[in-house]
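Participant: One structure is given below, represented as structure tokens, and several questions about it will come after.
The values are calculated or read from the model by the stated rules, or taken from the named source; none is laboratory data. Keep in mind that this is a model prediction, so the values were computed, not measured. Cβ atoms come from the backbone with ideal geometry, glycine included; neighbour counts cover every protein chain shown.
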């Protein structure tokens, strides 16, 4: 057993685990943050996406020990208690989720995508950027709509803040 | 996944020493292939030596037309490097096509070429760019580096520290993705440099990445998107599986070469 | 309709927990002392088990116990069953082979469970599962249904000679043959419906908890119908009597049919919890899901469609072979019979139909209902045939369809169904207009100038939903009734709980069901809670599948609401000294019509519970239960148009537009209905372009056991969709709704293949139209041209 300490959603947290423990299982089972999901075995579905030191990664393909000392943000940590991040709000408004299982990964992906593209997103780019996330319920139609709407909203807010 | 022991190296020497003291150990760069393989219990390294925290293995330098990319540099950093884009945009485009955004944040160039998956993208670029693979102990021309399916010239414990290449006059990459895995069914990298035209193909060869000499000759004679069309590609040398027959791959080699030339401009 | 009532575009109430990572799925459940299971599974498609050695595995670190099939049998746990009896045309009952939860003597597909390991961690359980030594003696495999029917094919179950489960027919063979004999034109076609894996993103999971003190079991499971799971596990599998077994299906991450059935894992984990004395949790990984979740489709059919000289269909003859896999899953026999052949009339007035269906055992995972279940197979067959017929007859696809549409209702088809309402011209016209069908020729010419091949295709589908009238399905062999239940519980302060036997695993019941209450009582949806998925909380119910939760589940709520309203009105009339017939409920107030007398809703509720002043003889409280049994199926219908562009150099198809025009009757929440259509379309498009389960025909190994080889639709495989709704309200239920969950998956595959074959100028192409297949078809065409 190895003791793994990392900063999760702004708090220092630690837990003991085997070296073979995946980050997603550490987050779910040791830290009790079950919003991050496992939907495949081959690094493809993206239900497990979290942010590691500010970048979106698939936590099913990283060992917990690899992440030791890093900063991790999960779906539970992107908005204040009782609040929704603009991406979460847009998914609600535009019905970008059905069963909810892929949703945390989709939201974490969208937050990363919007940040990386600095507001410069269109439908084609969003669909291409969702390459690593599989949804079986929505046909992606409303996910794409929600990401674009959140992007607009966040750019608007950024412009306002700049003025 | 079978049990394993994790080690985090902070220098190349430490990594190589750790590796040499664990016969059944493996280097862990981004882990985007290795961890997935271990999860399927298809690989069982006793020890993993993590390279992600070795500063010397990371980063990109462009000196004139000479590009050097550290072995532990993630694909996303190559894709977004303005310095590389200024001299060889094709390699940025290729990096931006690997896996998905999350994989590109973790996966590294050193890991990709050391693994030499027959459907990986970087090997085609390395071969077409006549890149040099730099290890902890020597420099290996790409031509000699990729030796077969998942096989390279790397010796036991040898560590890829960087790759370097001269930016060509023109280069382009086009790939056709497997509808399921999204890996290359066929990817073609074309490069036109002072030394001539080089064309490398990934995803298609039954022995891994290879140079398509017939297309090179056609493009050397006439650098035009239509040139690869008539080049003969022998399906007997190509892979065949449920997603793509060898004949289909032979066609895709020509078509992707055409598109790579268009991309190269 | 009000801001939150029926027809309002309300954002979902349940979203917040999913968006913030607070959804609670089965794998999220943790109970004290919980341990982890791994199953030992057959690596062979067909083999005799000569012995199982568990000793080495039992000695592995962290292992609590390893249990095998003989122990399960000794404890009296029964066989898994198929709950729908079908009789062959010779009158003999279907031939069901024994399905043990853990195989004892023979394994019949790769993934068939042989033993269970319970250990401290999932990793240790898996390590030990690898250490179980099973002595297999390999037997020959057969994966295709056609091959399994051949003389000399490997015999899979002793109960079913020649692997034939039943040979069933529907319709009038003589009349159909006569129609074909006198036809002016007969279109003949062979149809393959590719085998699919449902792939809800949440893999199956179960947590079995045995409480020795109470001799009571709790089963958390990823189920679309927890009550049916309990019924079957009690009545047939002998796990425990119903009062000793609680089944909870918490948040469930999609089902699409695959989570209707009771699988071996639920049964074995419950039993193992009793054997080991610890709660036992099992979570499938994706490869296990490919190996063991029931697959869908897998039909091979021969079709003859006969036309008179005026291009009217006069007969349809269908001969289908359906692959049911290694064992008969819960509803497997109903899918290729009553959910399939009864829809073969489509939207058309066909005087004579005959369908013969043979179902077959193979050494593959069981096949059962997957989104659409039988109806996609019927629609694909019919709409591909109509397309080919239109080309052969030189008519436009729309013209041929219009000539044959049913236009008077009710309409009795020759294959049982009685269509109650519809307007097929309306959907066709809406789709043609939305797709700018008339402008296609110009778009095709423009595409050609870019070297691309453009094609357009349509599909006019009908489905039977809202399953189903209990007496009718009982007479056809169903082992259960297909009614639904509801309880409306008004609290003393006027807030409301609705307990429903429907189960939401993405459909949004917590919102739509609350909208119904809001519509009727004028209370905000925030005051309404929907309770489902727990056999201890909810009265018996039948669950969610077959687009039934709206048409059947909500109708039960309407019935319960009627009773609640009646009692509330009696109380209000008494309190306001008015006549009961003058009481109306509006905007959250209970009023005396035509006066200014009014009581807020909560005061009436409070009066029911204080019981200080109730009408003489009335029981206190305000809570009513109802069971609703539908009088007929419902018949959603519509028209889909796909327009594609094919890159002839690679064979890759791009969908440039997809238009869906659907008649679902009345709609509760358009936002949610659109989402259901989008998702169905993606699955249908996946079937048409990408998805196919493939086995190695020689050794029965699953070749598509992960997303590396099974192509799931991604965002960039799909376009944004153009939807519209037409409305002929369903006369058969109080809300006039038909159901929308499956239409997209039913109607879209033929539209796509019709468009692709139009683009490349051939009549026949089997799904999925992968780049390889389309490119090969184009090459064949060029070679033929060169030869001519």
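Participant: Just for region A:100-112: of the residues that are in contact with a strand residue (DSSP E or B) (Cβ under 8 Å, 6 or more places away or on another chain) and within 8 Å of another protein chain (Cβ to nearest Cβ), which one is surrounded by the fewest Cβ atoms within 10 Å (Cβ to Cβ)?
Facilitator: A:112
Participant: Which is assigned to a strand (DSSP E or B) and either within 14 Å of another protein chain (Cβ to nearest Cβ) or at pLDDT 95 or above (or both), of B:257, B:200?
Facilitator: None of the other options fit; the residue is B:200.
Participant: Only residues that are more than 18 Å from residue C:100 (Cα to Cα) and outside any loop (DSSP other than H, G, I, E, B): list them for region C:232-260, please.
Facilitator: If the condition is that a residue be more than 18 Å from residue C:100 (Cα to Cα) and outside any loop (DSSP other than H, G, I, E, B), then C:242, C:243, C:244, C:245, C:246, C:247, C:248, C:251 are the ones that fit.
Participant: Take residues that are within 29 Å of residue C:26 (Cβ to Cβ) and tell me which of the strands (runs of 3 or more DSSP E) falling wholly in region C:527-594 contain 2 or more.
Facilitator: C:528-531
Participant: For region A:28-57, what are the residues that are within 17 Å of the chain's Cα centre (by Cα) and more than 10 Å from chain C (Cβ to nearest Cβ)?
Facilitator: Of everything in region A:28-57, those that are within 17 Å of the chain's Cα centre (by Cα) and more than 10 Å from chain C (Cβ to nearest Cβ) turn out to be A:31, A:48, A:49, A:50, A:51, A:52, A:53, A:54, A:55, A:56, A:57.
Here's the yes/no breakdown for (1) at pLDDT 95 or above; (2) touching a strand residue (DSSP E or B) at 6+ places or on another chain (Cβ under 7 Å); (3) farther than 30 Å from residue C:113 by Cα; (4) within 14 Å of chain A (Cβ to nearest Cβ):
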residue: C:138; (1), (2), (3), (4): yes, yes, no, no
residue: C:168; (1), (2), (3), (4): yes, yes, yes, no
residue: C:176; (1), (2), (3), (4): yes, yes, yes, no
residue: C:190; (1), (2), (3), (4): yes, yes, yes, no
residue: C:196; (1), (2), (3), (4): yes, yes, no, yes
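Participant: I've got another one for you. Could you please find all residues in region C:457-479 being touching a helix residue (DSSP H, G or I) at 6+ places or on another chain (Cβ under 7 Å) and more than 17 Å from residue C:415 (Cα to Cα)?
Facilitator: Within region C:457-479, C:457, C:458, C:459, C:460, C:466 meet the criteria.
Participant: Going through C:527, C:549 one at a time, which residue ends up being within 24 Å of the chain's Cα centre (by Cα), under 28 Å from residue A:138 (Cα atoms) and crowded, with 18+ Cβ neighbours inside 10 Å?
Facilitator: Answer to the check: C:549.
Participant: For region B:60-88, give me each residue that is over 13 Å from the mean Cα position of the chain (by Cα), in a helix (DSSP H, G or I) and either within 13 Å of chain A (Cβ to nearest Cβ) or in contact (Cβ under 8 Å) with a residue 40 or more places away in the chain (or both).
Facilitator: Correct list: B:76, B:77, B:79, B:87.
Participant: Just to be sure I understand, how many residues within region A:68-85 are more than 10 Å from chain C (Cβ to nearest Cβ) and either buried (at least 22 other Cβ atoms within 10 Å of the Cβ) or in a strand (DSSP E or B) (or both)?
Facilitator: Residues that pass the stated criteria total 3.
Participant: Follow-up. Out of the residues in region C:745-776 meeting the condition of being more than 30 Å from residue C:255 (Cβ to Cβ) and crowded, with 20+ Cβ neighbours inside 10 Å, tell me which one is farthest from the other protein chains (Cβ to nearest Cβ).
Facilitator: C:758
Participant: Examine region C:266-278 for a residue that is within 14 Å of chain A (Cβ to nearest Cβ) and either at pLDDT below 95 or outside any helix (DSSP H, G or I) (or both), and state whether such a residue exists.
Facilitator: No, region C:266-278 contains no residue that is within 14 Å of chain A (Cβ to nearest Cβ) and either at pLDDT below 95 or outside any helix (DSSP H, G or I) (or both).
Participant: Do we find a residue being within 11 Å of chain A (Cβ to nearest Cβ), on the phi > 0 side of the Ramachandran plot and either at pLDDT 95 or above or touching a strand residue (DSSP E or B) at 6+ places or on another chain (Cβ under 8 Å) (or both) anywhere in region B:32-49?
Facilitator: no
Participant: So how many residues does region C:128-142 have that are assigned to a loop (DSSP other than H, G, I, E, B) and buried (at least 22 other Cβ atoms within 10 Å of the Cβ)?
Facilitator: Selection size over region C:128-142: 3.
Participant: Also: Of all the strands (runs of 3 or more DSSP E) wholly in region B:89-182, which have at least 3 residues that are more than 27 Å from residue B:14 (Cα to Cα) and either within 14 Å of chain A (Cβ to nearest Cβ) or at pLDDT 95 or above (or both)?
Facilitator: B:170-177
Participant: Quickly run through region B:181-204 and pick out the residues that are surrounded by fewer than 24 Cβ atoms within 10 Å (Cβ to Cβ) and more than 13 Å from the chain's Cα centre (by Cα).
Facilitator: Within region B:181-204, B:181, B:182, B:192, B:193, B:194, B:195, B:196, B:197 meet the criteria.
Participant: Being touching a residue at least 12 places away in the same chain (Cβ under 8 Å) and more than 28 Å from residue C:740 (Cα to Cα) is the filter; apply it to region A:118-149 and report the residue that is farthest from the other protein chains (Cβ to nearest Cβ).
Facilitator: A:119
Participant: Checking the conditions here, which among C:66, C:110 is buried (at least 22 other Cβ atoms within 10 Å of the Cβ), over 30 Å from residue C:322 (Cα atoms), in contact with a helix residue (DSSP H, G or I) (Cβ under 7 Å, 6 or more places away or on another chain) and away from chain A (no Cβ under 14 Å)?
Facilitator: C:66
Participant: Right, next: Output yes when any residue across region C:318-335 is over 22 Å from residue C:693 (Cα atoms) and modelled with pLDDT of 95 or more, and no when none is.
Facilitator: Within region C:318-335, one or more residues are over 22 Å from residue C:693 (Cα atoms) and modelled with pLDDT of 95 or more.
Participant: Restricting the search to region C:436-457, which residues are under 25 Å from residue C:383 (Cβ atoms), surrounded by 10 or more Cβ atoms within 10 Å (Cβ to Cβ) and out of contact with any strand residue (DSSP E or B) (no Cβ under 8 Å at 6 or more places or on another chain)?
Facilitator: C:436, C:441 - these are the residues of region C:436-457 that are under 25 Å from residue C:383 (Cβ atoms), surrounded by 10 or more Cβ atoms within 10 Å (Cβ to Cβ) and out of contact with any strand residue (DSSP E or B) (no Cβ under 8 Å at 6 or more places or on another chain).
Participant: Conditions first: (1) at pLDDT below 95; (2) surrounded by fewer than 18 Cβ atoms within 10 Å (Cβ to Cβ). Residue C:31 passes all but one, so which condition is the exception?
Facilitator: (1)
Participant: So, one more: Looking at C:697, C:691, can you tell me which residue is touching a strand residue (DSSP E or B) at 6+ places or on another chain (Cβ under 6 Å), outside the structural domain of residue C:507 (by TED's automatic domain parsing) and part of a loop (DSSP other than H, G, I, E, B)?
Facilitator: C:691
Participant: Another one. Considering only region C:373-395, state which residues are touching a strand residue (DSSP E or B) at 6+ places or on another chain (Cβ under 8 Å) and on the phi > 0 side of the Ramachandran plot.
Facilitator: C:373
Participant: Regarding region C:74-96, can at least one residue be identified that is part of a loop (DSSP other than H, G, I, E, B) and within 14 Å of chain A (Cβ to nearest Cβ)?
Facilitator: No: region C:74-96 contains no residue that is part of a loop (DSSP other than H, G, I, E, B) and within 14 Å of chain A (Cβ to nearest Cβ).
Participant: Where the second residue is crowded, with 22+ Cβ neighbours inside 10 Å and part of a helix (DSSP H, G or I) and the first is on the phi > 0 side of the Ramachandran plot and within 8 Å of another protein chain (Cβ to nearest Cβ) and lies in region C:1-29, which pairs have Cβ atoms under 8 Å and are six or more apart or on separate chains?
Facilitator: Listed by first residue and then by second, the contacts come to C:21/A:75; C:21/A:104.
Participant: I would also like to ask the following. Given the criterion closer than 25 Å to residue C:295 by Cβ, touching a helix residue (DSSP H, G or I) at 6+ places or on another chain (Cβ under 8 Å) and not in a helix (DSSP H, G or I), identify the matching residue among C:209, C:191.
Facilitator: C:191
Participant: Identify, please: which residue in region B:9-23 is modelled with pLDDT of 95 or more and within 22 Å of residue B:41 (Cα to Cα) and is, among those, nearest to the other protein chains (Cβ to nearest Cβ)?
Facilitator: Among residues in region B:9-23 that are modelled with pLDDT of 95 or more and within 22 Å of residue B:41 (Cα to Cα), the one nearest to the other protein chains (Cβ to nearest Cβ) is B:22.
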